[in-house]
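Everything below concerns the one structure shown next.
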Amino acid sequence: MESANNNLKQEAHVLIFPSPVQGHINTMLRLAYALSFSSGVRISFLNTDHNHRLLSFSSPSQYSRFSLRSNFRFLSIPDGLPDDKPRSTLYLTELFDSLKTRSVDSFRALLLAGGNRDTDGWPPVTCVIVDGQMPYFMDAAQELGIPAILFRTINAYSLWVYLQIPQMMEADELPFPADADLDVPIKSVPAMEGFLRRRDLPKMCRGATKADNEKLQLLASNSASATRSKGLILDTSNSLEAPILSKIRSLFPNTYAIGPINALVESITSSSVSANLFAEDRSALSWLDSQPDRSVVYVSFGSIALLMEEEFMEFWNGLVNSGHRFLWVVRPDLVANATVTVKLAELEERVRIVAWAPQEEVLRHRSVGCFITHCGWNSTVEGMAAGVPMVCFPWLWEQFVISRLVGEVWKVGLDMKDMCRRDVVESMVRAAMEGEKAEELRQVAAEMAVEIGRSVGEGGDSRLDYERLVRDILSLSL
Ligand code: UDP
């Protein structure tokens, strides 16, 4: 494959750098793997040293598959924090501050070292694809004359809401008091009138403190930083978000909507890709094997969300009272500052708890009937690509917009935001698993999965945008 590149003046060498969190690594690694199947492209995938160690330890089989590709390699740089410092949810602000202040020099040095053939004999980096949460790395690359493409792991509607934060503030729609009526519609966000309510904005908008306002402004300015890049990659498709994508394209004309990337990579390489910072418990799959078709509720709140002890117990009791079987991912740090105990013994037949699951495989398993999710964008597209109806309990940031889309726009699930009560959990689970509503949700979810497959398959809108991205990456090396 690479010999096809001999007559190019310079080989295309893309350095891909995700934020050091699970969901972002998964999506960008999927893109990296797909790109490694393109003729004439080399990929360096950059992690922090800390995550590089975790990935090789937690996902040895996934990890080794990449080393089989001669045009793919992993690199790492320090994140600037001491080795023994935790990197879990409560420390994320510190982690990102450290990256911004302490890691840009290492990043620059790495690019400069690749400026001449580096120690592996690889050619110079001709393009970087940087996570849009860290635009300072994009700026560092461009200062060295290396073109940078931004990658946003969020969907188009969410990006659009972030971009409109200054307008919402100007229109006095943001922030609003903590006790405000949350069902009041938001009017100043074009193309979202009619379904966006206060309730669907990031939770920190409610009674925002000065620090929250600063965070909101940072979300807006990070989003706008795409104007400084060569292009913007979004993990979405026209078939999911056409009206908003056209708005985004009016601001960032060179937008590549190539998602859902979990489905795209599978269509291109005939294999699914994910890499975990946590050790997978594959016994979840054998347990699912022994369950009847569509009988299990899969529950996962992703890698970052935290539940209060009361919330955990409301979910637990709602699930138990629903009478359905369930498989729940309970990370050791899922419940903030508490250890919860539940009576598992008498429920052993119908309940399975794991610390981390092979999620994409679980979602595709015939025995899974619905997915209780926090609506992280990866989990949402993984659920949609598998055609599984969802019950949404968003925790933070854009998850509030996404759960509204799932319930009101795509209609592939039910949005239970702000109603963490056992009776609501029970009735939502029943609605998604039993009777007419469940049948309707299944039907729409199945159609959505087909539409996603069409859009990432040969000739589909996402696939065409992906092919344009590959051509542009190659042309940046000429
Ligand atoms: N995930 C997984 N096993 C689990 C829980 C989550 O593999 O037990 C993966 C999931 O497939 C997804 C990612 O972790 O790719 C979570 O990303 P998402 O954007 O949904 O949420 P975040 O963790 O960023 O809040």
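Per-structure values
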item	result
Residue among 418, 423 that alone is touching a helix residue (DSSP H, G or I) at 6+ places or on another chain (Cβ under 8 Å), part of a loop (DSSP other than H, G, I, E, B) and not hydroxyl-bearing (Ser, Thr, Tyr)	418
Of residues in segment 337-367 being free of Cβ contacts under 8 Å to residues at least 40 places away in the same chain and within 26 Å of the chain's Cα centre (by Cα), the one farthest from the ligand (Cβ to nearest atom)	337
Matching residues, segment 307-327, being polar (S, T, N, Q) and either within 18 Å of residue 435 (Cβ to Cβ) or crowded, with 18+ Cβ neighbours inside 10 Å (or both)	321, 322
Test: residue in segment 313-329 that is farther than 30 Å from residue 266 by Cβ, in a strand (DSSP E or B) and within 16 Å of the ligand (Cβ to nearest atom)	no
Hey, residue 237 at pLDDT below 95 and under 18 Å from the mean Cα position of the chain (by Cα) or not	no
Residue that is nearest to the ligand (Cβ to nearest atom), among those in segment 288-301 that are crowded, with 18+ Cβ neighbours inside 10 Å and more than 18 Å from residue 343 (Cβ to Cβ)	300
Yes/no for residue 304 being crowded, with 22+ Cβ neighbours inside 10 Å and under 27 Å from residue 21 (Cβ atoms)	no
Helices (runs of 4 or more DSSP H) wholly inside segment 16-103 that include at least 1 residues being closer than 25 Å to residue 135 by Cβ	22-35, 49-58, 92-98
Members of segment 204-219 found to be in contact with a helix residue (DSSP H, G or I) (Cβ under 6 Å, 6 or more places away or on another chain) and crowded, with 19+ Cβ neighbours inside 10 Å, listed by number	216, 219
Considering residues of segment 386-406 that are within 11 Å of the ligand (Cβ to nearest atom) and of a type outside the set (D, E, K, R) only, the residue nearest to residue 194 (Cα to Cα)	402
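The values are calculated or read from the model by the stated rules, or taken from the named source; none is laboratory data. Small disclaimer: the values here were computed from a predicted structure and weren't measured. Cβ coordinates were reconstructed from backbone atoms using ideal geometry, including for glycine residues, and neighbour counts include every protein chain displayed.
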